[in-house]
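Inspection log for the structure reproduced underneath, given as structure tokens.
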Amino acid sequence: MQYIHLVSNSGTTLPTDIWVPSTYKVKPQISWLYAAGVFKNFNDNMFETSLEVYYKDMQNQIEFKEGYTPNTLDDTENSFVFGKGWSYGAEVLINKTKGRLTGWIGYTLSWTWRKFQELNLGEKFPAKYDRRNDLSIVGIYELNKKWRLSATFVYGTGNAVTLPQRFYVIDGVLSQEFSRINEYRLPSYHRLDVSAIYTPKKNMLRKWKSEWVFSLYNAYSRQNPYFIYYDQSGSALDGTLKIQAKQVSIFPIIPSVTWNFKF
């Protein structure tokens, strides 16, 4: 049984993840990962650093064929196409483990491709989650024995998407012509999370301890894209038709208070 991510290549709304059993037609997906790295600590192990490069080869990848539309009358296997994929890149990590200020910086530069003879004119295309740049910066500062401050910043290149390039009307019906697979990119994703952790003075008579966490998720309320849709207004019959791309975003700034305890 394989758990895979399948995406329609015609813009059709589909379940994003499904279970696909291996059969005589659907072969198990196979991947080989090759990696090499260099690791070194500095300043009496205060700083841990690493640099890794990798290459991943993926066989028997599965996607829906061009123009697929969900159909309960036909075996889904008849709508699959099979191809290959590969991914490669480099990862850098700098981690500070000692002192009042600790944290790390991690950066990944990567490429992820797919290639199917029956899709995209047989040419390679970026996978949906191909992310060229992925950056994380984490800092934790011990203000005193009771208070700790922390901040996390993340940045990532936007997901690759397939979008309509042209719209036209046939017999009064609005139709659309899509781009090549994943030819466009959503805007970049980034956000800042901050928090303050308060740890009360430990009571030696208690067998449990607790802490309060005051936090802000997405502190500057970045409107990160979740998906893009096209809004239609007016009519093609009287020449007032307007089509506008609109972005849907979720999770604006979210404050929270949490009480954690251990016993």
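The values are calculated or read from the model by the stated rules, or taken from the named source; none is laboratory data. In this text, all values refer to a predicted model and were calculated from it rather than measured experimentally. Virtual Cβ from ideal backbone geometry, glycine too; neighbours counted across all protein chains shown.
For region 241-256, enumerate the residues that are surrounded by 13 or more Cβ atoms within 10 Å (Cβ to Cβ) and touching a Leu at 6+ places or on another chain (Cβ under 7 Å).
253
Hey, any hits in region 163-172 for a residue that's within 25 Å of the chain's Cα centre (by Cα) and either outside any loop (DSSP other than H, G, I, E, B) or more than 30 Å from residue 107 (Cβ to Cβ) (or both)? Break it down into steps so the answer makes sense when it comes.
From region 163-172, those within 25 Å of the chain's Cα centre (by Cα) are 163-165; that's our starting set.
Remaining after also requiring either outside any loop (DSSP other than H, G, I, E, B) or more than 30 Å from residue 107 (Cβ to Cβ) (or both): 164-165.
Within region 163-172 (the criterion being within 25 Å of the chain's Cα centre (by Cα) and either outside any loop (DSSP other than H, G, I, E, B) or more than 30 Å from residue 107 (Cβ to Cβ) (or both)), the answer is yes, since at least one residue qualifies.
Can you work out which of the residues in region 50-66 that are within 30 Å of residue 101 (Cβ to Cβ) and surrounded by 15 or more Cβ atoms within 10 Å (Cβ to Cβ) is nearest to the chain's Cα centre (by Cα)? Even if it seems obvious, please write down each step before you answer.
Here is the first cut: in region 50-66, the residues within 30 Å of residue 101 (Cβ to Cβ) are 50-53.
If we keep only those that are surrounded by 15 or more Cβ atoms within 10 Å (Cβ to Cβ) as well, we get 50, 52.
Details: 50: 23, 52: 21 Å.
Looking at the filtered set, the residue picked out is 52.
Among residues belonging to region 230-240 that are surrounded by 12 or more Cβ atoms within 10 Å (Cβ to Cβ) and within 31 Å of the chain's Cα centre (by Cα), point out the one that is farthest from residue 188 (Cα to Cα).
The residue in question is 232.
Output the strands (runs of 3 or more DSSP E) that fall wholly within region 64-148 and possess 3 or more residues being in contact with an Asp or Glu (Cβ under 7 Å, 6 or more places away or on another chain), of a type in the set (Phe, Trp, Tyr) and under 21 Å from residue 20 (Cα atoms), or say none.
Values: elements: 80-96, 101-115, 133-142.
Ranges flagged: none.
Could you check, for region 21-39, whether at least one of its residues is of a type in the set (S, T, N, Q), in contact with a Phe, Trp or Tyr (Cβ under 9 Å, 6 or more places away or on another chain) and farther than 18 Å from residue 128 by Cβ?
In the first step, residues of region 21-39 are kept if they are of a type in the set (S, T, N, Q); the result is 22-23, 29, 31.
With in contact with a Phe, Trp or Tyr (Cβ under 9 Å, 6 or more places away or on another chain) added as a condition, the list becomes none.
No, region 21-39 has no match at all.
Of all residues in region 13-49, how many are of a type in the set (A, V, I, L, M), surrounded by 10 or more Cβ atoms within 10 Å (Cβ to Cβ) and at pLDDT 90 or above?
So in region 13-49, the residues of a type in the set (A, V, I, L, M) come out as 14, 18, 20, 26, 30, 33, 35-36, 38, 46.
With the extra rule that they be surrounded by 10 or more Cβ atoms within 10 Å (Cβ to Cβ), the set shrinks to 14, 18, 20, 26, 30, 33, 35, 46.
Next, only the ones that are at pLDDT 90 or above stay: 30, 33, 35, 46.
So the answer is 4.
Restricting to region 173-207, count the residues that are among the polar types (S, T, N, Q), within 30 Å of residue 220 (Cα to Cα) and more than 17 Å from the chain's Cα centre (by Cα).
Qualifying residue count, region 173-207: 2.
Regarding region 153-170, can at least one residue be identified that is over 30 Å from residue 62 (Cα atoms) and touching a Lys or Arg at 6+ places or on another chain (Cβ under 9 Å)?
So far as region 153-170 goes, yes, one or more of its residues are over 30 Å from residue 62 (Cα atoms) and touching a Lys or Arg at 6+ places or on another chain (Cβ under 9 Å).
Six or more apart or on different chains, Cβ atoms under 9 Å: show the pairs whose first residue is in region 38-63 and more than 17 Å from residue 113 (Cα to Cα) and whose second is basic (Lys, Arg) and surrounded by 15 or more Cβ atoms within 10 Å (Cβ to Cβ).
46/96; 47/96; 48/96
Got a sec? Which of 127, 151, 160 is in contact (Cβ under 8 Å) with a residue 12 or more places away in the chain, in contact with a Leu (Cβ under 9 Å, 6 or more places away or on another chain) and either over 30 Å from residue 212 (Cα atoms) or exposed (fewer than 15 other Cβ atoms within 10 Å of the Cβ) (or both)? Even if it seems obvious, please write down each step before you answer.
On the way: 127 fails: in contact with a Leu (Cβ under 9 Å, 6 or more places away or on another chain); 151 fails: either over 30 Å from residue 212 (Cα atoms) or exposed (fewer than 15 other Cβ atoms within 10 Å of the Cβ) (or both).
Of 127, 151, 160, the one residue that is in contact (Cβ under 8 Å) with a residue 12 or more places away in the chain, in contact with a Leu (Cβ under 9 Å, 6 or more places away or on another chain) and either over 30 Å from residue 212 (Cα atoms) or exposed (fewer than 15 other Cβ atoms within 10 Å of the Cβ) (or both) is 160.
Can you report the number of residues in region 67-121 which are among the polar types (S, T, N, Q), buried (at least 16 other Cβ atoms within 10 Å of the Cβ) and closer than 30 Å to residue 142 by Cβ? Full working, then the answer.
First pass over region 67-121, keeping only residues among the polar types (S, T, N, Q): 69, 71-72, 76, 78-79, 87, 95, 97, 102, 108, 110, 112, 117, 120.
When the remaining residues are screened for being buried (at least 16 other Cβ atoms within 10 Å of the Cβ), the result is 79, 87, 95, 102, 108, 110, 112, 120.
Within this subset, residues satisfying the condition of being closer than 30 Å to residue 142 by Cβ are 95, 102, 108.
Counting residues in region 67-121 that are among the polar types (S, T, N, Q), buried (at least 16 other Cβ atoms within 10 Å of the Cβ) and closer than 30 Å to residue 142 by Cβ gives 3.
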